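The values are calculated or read from the model by the stated rules, or taken from the named source; none is laboratory data. Bear in mind that the values here come from a model prediction, so they are computed numbers and not experimental data. Reconstructed Cβ throughout: ideal geometry from the backbone, glycine too, with neighbour counts over all protein chains shown.
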Amino acid sequence: MFGIKFFIILSYLLITLLIGILANKFTKNTLSDYFLANRSVKWIALCFTMAATNFSAFCIFGFSGAGYSIGYAYYPNMSFGNGIAALTIYLIGFRAWQISKKYGVITPPEFIQVRFNNTFLRVVYLAVMVIFTVPYLAIQPIGGGYALNKLLGIPYFWGAALITVFIVIYVFLGGMRGVVWSDILQGTMMLTFMILVLFMISRALGGFEGANLAVFNSTPELFSRPGLNNGFPMKVWFSFLVLWFTAYAMLPQLFQRFFIAKDRDALQMTMILYPVITGVLFFLPVSIGVLGHTVFPDLIGKSADSIVPMMVDRFLPGWLGAVVIAGAIAALMSTADSMLLTLSSMFTRDIYEVVLKKKQEKDIWVGKIIVIVLAGLGLLIAYKPPATILKIASQTITGLAVLFPVTLAAMYLRKTNPWTCIVSILAGELLLILYYFKMLPTFGFLPIVPILVVSSLIVVVGNFLFPYEGTTIIDLFAGSNSSKKILWFAVFTILFILSCDFWGWGSAKPLFAGLPWWIWYFFGLNGLLVIAMIVFVKTFWNRETQEI
């Protein structure tokens, strides 16, 4: 049986390698083509690559571990929080796409340079993205090591190294085009196989409703909020919603995805479909984690991150388990490849060219070498994971979310002072360090809430007191209707408030399919969000004149 499992996993890895080889034949030896696929990605491919890039090992292993440790409370916060975060595709992504096309921007820090004409701000912005993305990159080989260890018995680190090698090869060969093509494959595999594994596990446990009722009878806290061991109190719930919204576009691999869109339609369709994908996909690993309590009741800490491969190994035939784990590996590879490519582009464009004053107009060999170096660094961190996948992801994403006020100001405040932006970023990261060492009170919230308050105030007050004339003033608002903007702001704010449903807290009794009523409430709320986005696109975004 080992031979069949190994053959299935190896076959999948070789397919990704073939995609890289094929993409290499279409990739030109220019920075724009290697890093941005020549800005030609249509809406289907863009939607797949945005989703697959964001749904990493954190999604499969971290979500299932959180479902095991906290319960169903983790699902609606993540699905709705990430779903409504797709609004930043309009708030930030559309404007970033316009600017990138006009000025030939390749990286997020380069966008900041064009907007503010300040190299020091660009370097600070770059440093934050690199410092907080590399640990997030390490999550991917961690997940791969867990998966191959449980499935094939391969030692954890060698499994992580094997996954890393294949990622490096197809990124090295195919660039962004290879990454996008592989994301389509990996995204399809991830969704299909996670549905399959939940179905098979539920059937083995007596059906989905029966399995849920069994868990409820033994551990009812998993069906209520704040969840098991008070894991998700209201202030933490609110904090995570804020975190997902502000951090989504600040993940450099997602920010750069805005630049690769072929047209506005690609961005619009991605925004509409994104909450649909999060609503379906995020439910799967959380449910598997909850159901895992009936089989493995005593997992503690980092061991909960392995609940998916453990359940697969227990309940699925060996060959089918290998297929499913290949889907989980696809999830982490689709994120790791994007991170490597984006970090490589920033080192090439923002460090090699700007800091070191070297020109790389056509030859992309520097970026390819950096892919290898960064992959090695991520693997080094993965050698001995410093914490659970959930904890690593939450801390690194918080560091990136600090950039949100400055980025939003770049889009909407015409005379923003770049030096005020620098102070905002540095103050936010200093606060994060102080919170990490528990030197400041959070008043029950996650650190992101007070950090964003302080960082935003610095930008707004600084913009008022020290308006700056030396930046590039980009007119993105010609012909826009302020009253309609206020109306739509109110609509989405109401939906956000409804997601903080304090009246549903403490309720745990299963309703239908063994799920509590508040889960069904969030299914409906997610549907309303999708409808609101469709109407928003058709009645406002399409009619808003946007000129640079």
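Please specify each residue of segment 472-518 satisfying the condition of being modelled with pLDDT of 90 or more and in a strand (DSSP E or B). Step through it out loud before you land on a result.
Just the residues of segment 472-518 that are modelled with pLDDT of 90 or more, to begin with: 487-501, 512-518.
Matches in segment 472-518: F512, L515, P516.
Go through (1) part of a helix (DSSP H, G or I); (2) touching a residue at least 60 places away in the same chain (Cβ under 8 Å) for F445 and report which single condition fails.
Just one mismatch for F445, condition (1).
With the requirement that a residue be assigned to a helix (DSSP H, G or I) and either at pLDDT below 80 or within 29 Å of V308 (Cα to Cα) (or both), what does segment 352-372 give you? Talk me through it step by step, then tell me what you get.
Pass one, segment 352-372, residues assigned to a helix (DSSP H, G or I): 352-355, 365-372.
The answer is Y352, E353, V354, V355, W365, V366, G367, K368.
Restricting attention to segment 421-436, does a residue exist that is part of a loop (DSSP other than H, G, I, E, B), in contact with a Phe, Trp or Tyr (Cβ under 8 Å, 6 or more places away or on another chain), at pLDDT 95 or above and among the hydrophobic types (A, V, I, L, M, F, W, C)?
We begin by selecting, within segment 421-436, every residue part of a loop (DSSP other than H, G, I, E, B); these are none.
Checked segment 421-436: no residue is part of a loop (DSSP other than H, G, I, E, B), in contact with a Phe, Trp or Tyr (Cβ under 8 Å, 6 or more places away or on another chain), at pLDDT 95 or above and among the hydrophobic types (A, V, I, L, M, F, W, C).
One line per residue, one yes/no per condition, for (1) closer than 18 Å to Y90 by Cα; (2) touching a residue at least 60 places away in the same chain (Cβ under 8 Å); (3) within 17 Å of the chain's Cα centre (by Cα); (4) surrounded by fewer than 23 Cβ atoms within 10 Å (Cβ to Cβ):
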site	(1), (2), (3), (4)
G174	no, yes, no, no
D183	no, yes, yes, no
S218	no, yes, no, yes
N229	no, yes, no, yes
Q253	yes, yes, yes, no
Q256	yes, yes, yes, no
K262	yes, yes, no, yes
L267	yes, yes, yes, no
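Condition test on L10, is it more than 23 Å from T342 (Cβ to Cβ) and part of a helix (DSSP H, G or I)? Give the steps one after another, and end with the answer.
On the way: more than 23 Å from T342 (Cβ to Cβ): yes; part of a helix (DSSP H, G or I): yes.
When the stated conditions are applied, L10 passes them.
Just a yes or no: is a residue in segment 304-319 outside any loop (DSSP other than H, G, I, E, B), more than 24 Å from N77 (Cα to Cα) and acidic (D, E)?
Yes, some residue in segment 304-319 is outside any loop (DSSP other than H, G, I, E, B), more than 24 Å from N77 (Cα to Cα) and acidic (D, E).
If the Cβ limit is 7 Å and pairs must be 6+ apart or interchain, which residue in segment 31-57 that is within 12 Å of D263 (Cα to Cα) pairs with which residue that is among the aromatic types (F, W, Y)?
R39/F259
Out of segment 399-454, which residues are surrounded by fewer than 20 Cβ atoms within 10 Å (Cβ to Cβ), aromatic (F, W, Y) and closer than 28 Å to F466 by Cα?
Y412, W419 - these are the residues of segment 399-454 that are surrounded by fewer than 20 Cβ atoms within 10 Å (Cβ to Cβ), aromatic (F, W, Y) and closer than 28 Å to F466 by Cα.
Among the numbered criteria (1) free of Cβ contacts under 8 Å to residues at least 12 places away in the same chain; (2) among the small types (G, A, S); (3) surrounded by 17 or more Cβ atoms within 10 Å (Cβ to Cβ), which single criterion is violated by G207?
It is condition (3) that G207 fails.
Give the residue, chosen from A375, A330, that is part of a helix (DSSP H, G or I) and either at pLDDT 80 or above or more than 30 Å from F523 (Cα to Cα) (or both).
Working: A330 fails: either at pLDDT 80 or above or more than 30 Å from F523 (Cα to Cα) (or both).
Matching residue, one of A375, A330: A375.
Might you let me know whether segment 464-474 holds any residue that is surrounded by 13 or more Cβ atoms within 10 Å (Cβ to Cβ), over 17 Å from T398 (Cα atoms) and touching a Pro at 6+ places or on another chain (Cβ under 7 Å)?
Yes - at least one qualifying residue is present in segment 464-474.
Only one of these is touching a residue at least 12 places away in the same chain (Cβ under 8 Å) and within 18 Å of I397 (Cα to Cα): V114, V128. Name it.
Working: V114 fails: within 18 Å of I397 (Cα to Cα).
On inspection, the qualifying residue turns out to be V128.
From (1) closer than 24 Å to V308 by Cα; (2) crowded, with 21+ Cβ neighbours inside 10 Å, pick out the condition that doesn't hold for Y248.
Unmet for Y248, out of (1) closer than 24 Å to V308 by Cα; (2) crowded, with 21+ Cβ neighbours inside 10 Å: (1).
Hey, among G227, G187, G231, which residue is at positive phi and not aliphatic (A, V, I, L, M)? Give the steps one after another, and end with the answer.
Working: G187 fails: at positive phi; G231 fails: at positive phi.
The unique qualifying residue is G227.
Per-residue answers, yes or no, for (1) part of a loop (DSSP other than H, G, I, E, B); (2) modelled with pLDDT of 95 or more:
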site: W520; (1), (2): no, yes
site: F523; (1), (2): no, yes
site: L528; (1), (2): no, yes
site: I534; (1), (2): no, yes
site: K538; (1), (2): no, no
site: Q546; (1), (2): yes, no
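Identify, from the list A127, A138, A147, the residue that is surrounded by fewer than 23 Cβ atoms within 10 Å (Cβ to Cβ) and within 26 Å of V373 (Cα to Cα).
Residue meeting the stated conditions: A127.
Among the residues of segment 24-58 satisfying the criterion of being modelled with pLDDT under 85 and touching a Leu at 6+ places or on another chain (Cβ under 7 Å), which is nearest to L185 (Cα to Cα)?
In this case the residue turns out to be T53.
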